[in-house]
Every structure is written in C-alpha cells, then in structure tokens.
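Peer 1: Please see the structure below; I have some questions.
The values are calculated or read from the model by the stated rules, or taken from the named source; none is laboratory data. Fair warning: this is a prediction, and the values are worked out from it, not measured in the lab. Note that we place each Cβ from the backbone using ideal geometry, even for glycine, and neighbour counts take in every protein chain shown. Just the protein is used for accessible areas: all its heavy atoms, side chains included, with ligands, DNA and RNA removed. Shrake-Rupley method; radii C 1.70, N 1.55, O 1.52, S 1.80 Å.
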Amino acid sequence: MKNLSRSTLVLLIFLNGYVSLSLELVVLRQLSFYVGSSAVVTSIIMAIFLGFMSLGYTLGEFKRIQDKKIPLILHGSFLFIALLSVVAASFPLITHYFIWLYRGGITSGALQTFIYSLVFLSAGPFLFGFNTTLLSRLLHLHDKNCTGNIMAWDTIGSVFGSIATTLILMPFLGVNYTVVLITVLSIFAALTLRRAWWSWFICACVFITSLMINSNTYQRMHLGILVNNANSTISVTEFSGQRILYMNGLPMSVFSSDGSFAPYIDYLNRNFIDTMLPNKTYKILVLGAGGFTLGLDDVRNDYTFVDIEHTLKDVSERYFLGRKLPANKKFIVEDASQFLKNTPEQYDFILLDVYSNSFQVPEGLITVEFMERLRSRIAPNGIIAMNMIVSPEFSNKYSRVFDNTFRAVFPYNTSRQTIGVFDPWRHEDDTSNILYFFYNVPNDGRIYSINKTPVIYDR
C-alpha cells in the first residue's frame, strides 16, 4: 500500500472530526422522538460518547500496531463507522429498537437511553478516538511537531459538523438524508485508504442500504412520516373517521369527520371561543400551533399561531385539515419565549399548548421567568389558558411543583379544569389533560376573616 500524503491525512482527520460530531447530533435528534431532549438524556449520551472516545485515544497508541498496517486498520474502521451510522441513526431501526425495549418492560427514558448508548454509541466513538490517534501516528512520520495541527483539524471538522448538521442539513435536507451523508463521508474516507474490489462492493451495499432505509418514500410508506427535520418528526394517521397529527411520536391534534377535535380543544372552543362577544374582534395567541384546531371555524377574530416547526402549517393544511386556513389565522415560526419577549402586542386570549406530555417537557417554558413573560402579554380582562399533561390528583412531584410555579406568578383569579374522567382516590402516577386558567381582572388580595367580613358590599 502506498504511503499517504500529508494532505490526505489532514483530510481524513477533518472527516473523522466532522462525522463524529454530526453523528452525535443526529442521534440526539432521533432519540428525542422517544426519550425527549432533557439534560439527563443528553448527559447520558455525551458521557458514553466521550468515555469510549477516550478509550479509543488510549488504545490507538498500542505499540503492536505497526505503522505499515495502520492504513488497512483505518480502512476497516471507516467502513464500520459507515455501517454503524445506518444502524445507530436510521429512524426505522431506532423505532424497532424502542418497540423491543417496551415489549421487554423497559419504559424508563433514562434507562432506554443508557442501553441504546452502550450498545450503539460505544463502538463508533471508540473508533473516532482510535482513528485520531492512528492518523496522528502517520502524520508524525511527515512532521514530528504536528500535534497542534492534528488537534486543530480534528476540531475544525467537529465545528463544521456541528454547524452544517444543525443549521443547514437537518433543517433543509432532513435528518434522514443527513444520515445518508454521514454514511457517504465515512465511505469516502474508507475508499481513500483502500480501493480493492471487495471494498467497493461493501461500500456500495452499505450506501444502498442507508439510502433505501432513509429515503422519504420508505419512511412515508412504512412509518407515515411526512417531515423529519431538526425540530420535528411529523406524521398523520387516519382511522375510524379521525385524523391524528403526531409530532415527535406524540398525538398533538385530532380532527374528526363529525367536526370535533381533541377533548380539551372542544372544551376551549365551546366555552371560550364560541362565547366571545360578537361586537368585538378578539386578539388570540396560540403558542404551540399543533394542528391549528383552536377556533378553526372562527373567521371573525384575529389568531396568531406560533411554533418553531416551519412545515407545520403546510402539513396541517395538506394532510391533516384537508383545507386552507382562513385569512384571520396568521402563522409565525419562532420560539415561544422569544416571541413573547419581542412582541409589543397584548392579547385577549392566550393558549399555551407546548407541553405535549410529562416526559418531553420544554424545560425553559415551565419556569417562573417564562410565565412572567407570558403574563406581561395578556390584555386587561384577558384570559390565559395552559394545557398541561399532569396528574389530576397531584400524585407526582412534577405535578405539584408545576402547580406551585404557576401559582407563584398567578396567585389570584385562577382555576384548574381536568378534561375527562379520573379517580381522585387511587393516587397512582397517571396523567390527564389539565387546563390551567388565569383571568386578568383586578384583585386586591383581600380575604374574609372572622374579624372583617364585608361580603354584603362585595356582592
């Protein structure tokens, strides 16, 4: 095998850094569909990733590995990484993995993430670290003082992988085709090191498999996925006269042939939207657009829907609602907290509908600071509604602490409505749609006591 030039080694170091970070970011995005994107999930993945990468750095110095055999070892390593990118990051295969875990009774998101990371994210990071050390050894044959260049090009590759993957590839190309690109780059690195016929054959098989499994056609036919980008995985299913819009594996909106929606949306439409006075045009803000079902048939009041998923309106109109939204419905693509910070508007009715379940909670949106920002945008005599997935009988700590947080910002003029039937005596860790309300009307905080009870005047 011919000696590798210095420029070729630098390119391989760059690709190794690029692929390593790009694969990590894609895996984080794909797993968020099932286990969320909390700090716990991220820390588990990063710990496994960095731990095994460190082990690879160390074993790459093994003296029995002869310099002349390093190119062949690197060739096999990049081939394995290409195969691993298909197995570990392709959404259809991840779906089967989680189905098997649930069938095995493993339902904890943290435990699922740990098992996944240990099985699928140990070999890859190990090889990334192993490759870096081996490539460094070859580069030292050209220049003994190249340690800084090695670290620089590996870091530059990681930086490009981070920027390209999160800001360009996943938003515009899609997560599935980003996986294909990672496979292609790994194959390119492998073929740079060796181009035997059997190597071409293996690379072709891995590439075709990656392209087939990650194609839009395959994922739409077998999983019903319409969108799979940096923010969301969106699908729409239809059965028994109902269409259900799923985002990141969770049912976000329901649209029935009889004109009904999800029970909590029906409750809000019936009691808050349909009862709005006809002599006034109300300004309504919906944070977390879902399927745009709140006030869908209301063509009089002004609606502003805010969501970070830019494809949501198009997907909802084409595949979920089956019709265009009326002119009084405006869609803004922005983070909910940033929108509240930047808008000068005050709204008569605000629905906060971003808490889709109790384990994929956007942590920045359940804080006192966020709720204060929300309160600043409600008009006098306006109403705030929050759709929460919590325990009706406060059976878990999350439900209790959220309730404390809500009442710290909204201590007066509040109510809490459970949607559906529940048993308040079982105290099991069950959850329901709970609507929290705040009515922005004057309240001086007075109370009635045995010493002072001017109730007849208050009435």
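Peer 1: Taking Cα pairs under 8 Å and at least six residues apart, what relative contact order does the stretch 46-144 come out at, in percent? Write out the running numbers ahead of the final one.
Peer 2: Numbers: 72 pairs, mean separation 62.8, N = 99.
Relative contact order for the stretch 46-144 comes out at 63 percent.
Peer 1: Continuing with this model, one more query. Need the full-extension length gain, S240 to I456, defined as separation in residues times 0.36 nm minus the C-alpha distance. One decimal, nm. Mind dumping the intermediate values first?
Peer 2: Details: separation 216, 0.36 × 216 = 77.76 nm, distance 5.46 nm.
Net length gain for the segment: 72.3 nm.
Peer 1: Still on this structure, please answer the following. Calculate, for R426 and S260, the FRET efficiency according to 1/(1 + (r/R0)^6) with r their C-beta to C-beta distance and R0 25 Å; round to the nearest 0.05.
Peer 2: Efficiency, rounded to the nearest 0.05: 0.30.
Peer 1: For the stretch 391-459, which whole-number percentage of the solvent-accessible area (1.4 Å probe, protein heavy atoms only) is attributable to carbon and sulfur atoms?
Peer 2: On the way: 2540 of 4740 Å².
Heavy-atom surface of the stretch 391-459 belonging to carbon and sulfur, 1.4 Å probe: 54 percent.
Peer 1: Turning to a different aspect of this structure: Calculate the spin-label point distance for R318 paired with F160, positioning each point 7 Å from the Cα along the beta-carbon direction, and give it in nanometres.
Peer 2: Result: 3.3 nm between the two label points.
Peer 1: What relative contact order, as a whole-number percentage, does the chain give when Cα pairs under 8 Å and 6 or more residues apart are counted?
Peer 2: Working: 700 pairs, mean separation 60.9, N = 459.
Dividing the mean separation by the residue count of the chain yields 13 percent.
Peer 1: Assuming a strict under-24 Å limit between Cα atoms, what lysine pair count do you get for the chain once near-sequence pairs (fewer than 8 apart, same chain) are dropped?
Peer 2: Qualifying lysine pairs in the chain: 20.
Peer 1: I've got another one for you. Mind putting a number on the dipole of the stretch 393-459 about its Cα centre? Charges go on the C-beta only, +1 for Lys and Arg and -1 for Asp and Glu, and I need it in Debye to the nearest 20.
Peer 2: Working: 8 positive and 8 negative charges, 74 e Å.
Using only the charged Cβ atoms, the result is roughly 360 debye.
Peer 1: List the chymotrypsin sites (Phe, Trp or Tyr not before Pro) in the stretch 389-459 that DSSP assigns to loop (not H, G, I, E or B) and whose Cβ has at most 16 other Cβ atoms within 10 Å. Which are they? Walk me through the intermediate numbers first.
Peer 2: Details: sites: F394, Y398, F402, F406, Y412, F422, W425, Y436, F437, F438, Y439, Y448, Y457; in loops: F394, Y412, F422, W425, Y448.
Qualifying residues, ordered by number: F394, Y412, F422, W425, Y448.
Peer 1: Also, I was wondering about something else. Say R0 is 51 Å: what FRET efficiency, to the nearest 0.05, do A39 and L277 get from their beta-carbon distance?
Peer 2: On the way: r = 45 Å, r/R0 = 0.88.
E between A39 and L277, to the nearest 0.05, is 0.70.
Peer 1: Angle between the Cα long axis of helix 123-142 and the longest principal axis of the chain, 0 to 90 degrees, nearest 10?
Peer 2: It is inclined by approximately 40 degrees.
Peer 1: Same structure, new question: Quick check for me: using +1 on Lys/Arg Cβ and -1 on Asp/Glu Cβ, what's the dipole size of the chain about its Cα centre, in debye to the nearest 20? Provide the component values of the computation, followed by the final result.
Peer 2: Details: 36 positive and 32 negative charges, 257 e Å.
Dipole magnitude for the chain comes out near 1240 debye.
Peer 1: Which length gain, in nm to one decimal place, applies between H310 and N216 when the Cα-Cα distance is subtracted from 0.36 nm times their residue separation? Intermediate results must be reported in sequence, preceding the final value.
Peer 2: Working: separation 94, 0.36 × 94 = 33.84 nm, distance 1.81 nm.
Using 0.36 nm per residue and subtracting the Cα-Cα distance, I get 32.0 nm.
Peer 1: Considering only protein heavy atoms, with the full assembly of protein chains and a 1.4 angstrom probe, order M386, M252 by accessible area, largest first. Don't skip to the end; give the middle numbers.
Peer 2: Working: M386 0, M252 40 Å².
So the residues, ranked largest to smallest area, are M252, M386.
Peer 1: Still on this model: Once the cut-off is 17 Å, how many percent of the Cα-Cα pairs in the stretch 175-279 end up in the long-distance tail? Mind showing how you got there, number by number?
Peer 2: Values: 3704 of 5460 pairs.
Everything past 17 Å amounts to 68 percent.
Peer 1: Next question. State, to one decimal in nm, how far the label point of M46 lies from the label point of N404, with both points 7 Å from Cα in the Cβ direction.
Peer 2: Using points 7 Å along Cα→Cβ, the separation is 2.7 nm.
Peer 1: OK, next. Please identify every one of the trypsin sites (Lys or Arg not before Pro) in the stretch 142-234 that sits in a loop by DSSP and has no more than 11 other beta carbons within 10 Å of its own beta carbon.
Peer 2: Working: sites: K144, R194, R195, R220; in loops: K144, R194, R195.
For trypsin sites (Lys or Arg not before Pro) across the stretch 142-234 that sit outside H, G, I, E and B with at most 11 neighbouring Cβ atoms in 10 Å, the list reads K144, R195.
Peer 1: In what sequence, highest mean first, do 208-217, 269-278 appear when ranked by Cβ atoms within 10 angstrom? Kindly include the intermediate steps, with their values, before the conclusion.
Peer 2: On the way: 208-217: 16.5, 269-278: 12.9.
Peptide ranking by packing, descending: 208-217, 269-278.
Peer 1: Okay, next question. Quickly work out the T8-to-D444 label distance, labels modelled 7 Å from Cα along the C-beta direction, and quote it in nm with one decimal.
Peer 2: 8.7 nm
Peer 1: Kindly identify the stretch 257-363 as rounded, prolate or oblate by the Cα gyration tensor criterion: order the square roots of the eigenvalues as a ≥ b ≥ c, call it rounded if a/c is under 1.5, otherwise compare a/b with b/c, prolate if a/b is larger, else oblate.
Peer 2: Working: a/c = 1.36, a/b = 1.11, b/c = 1.22.
Taking the square roots of the gyration eigenvalues as a ≥ b ≥ c, the stretch 257-363 is rounded.
Peer 1: Using DSSP loop states and a limit of at most 13 other Cβ atoms within 10 Å to flag GluC sites (Glu not before Pro), what is the longest stretch of the chain containing no flagged site? Walk me through the numbers before you get to the answer.
Peer 2: Working: sites that count: E61, E345, E428.
With GluC sites (Glu not before Pro) excluded where exposed in loops, the chain gives 62-344 as its longest stretch.
Peer 1: If you count only protein heavy atoms with a 1.4 Å probe, what accessible area per residue comes out for the stretch 338-459, rounded to a whole Å²?
Peer 2: Values: 6820 Å² over 122 residues.
On a per-residue basis, the stretch 338-459 sits at 56 Å².
Peer 1: Moving on to the next point. Identify which of the listed values of Cα extents along the principal axes in Å was calculated from the structure shown: (i) 104, 54, 33; (ii) 62, 57, 46; (iii) 97, 51, 45.
Peer 2: The listed entry that was calculated here is (iii).
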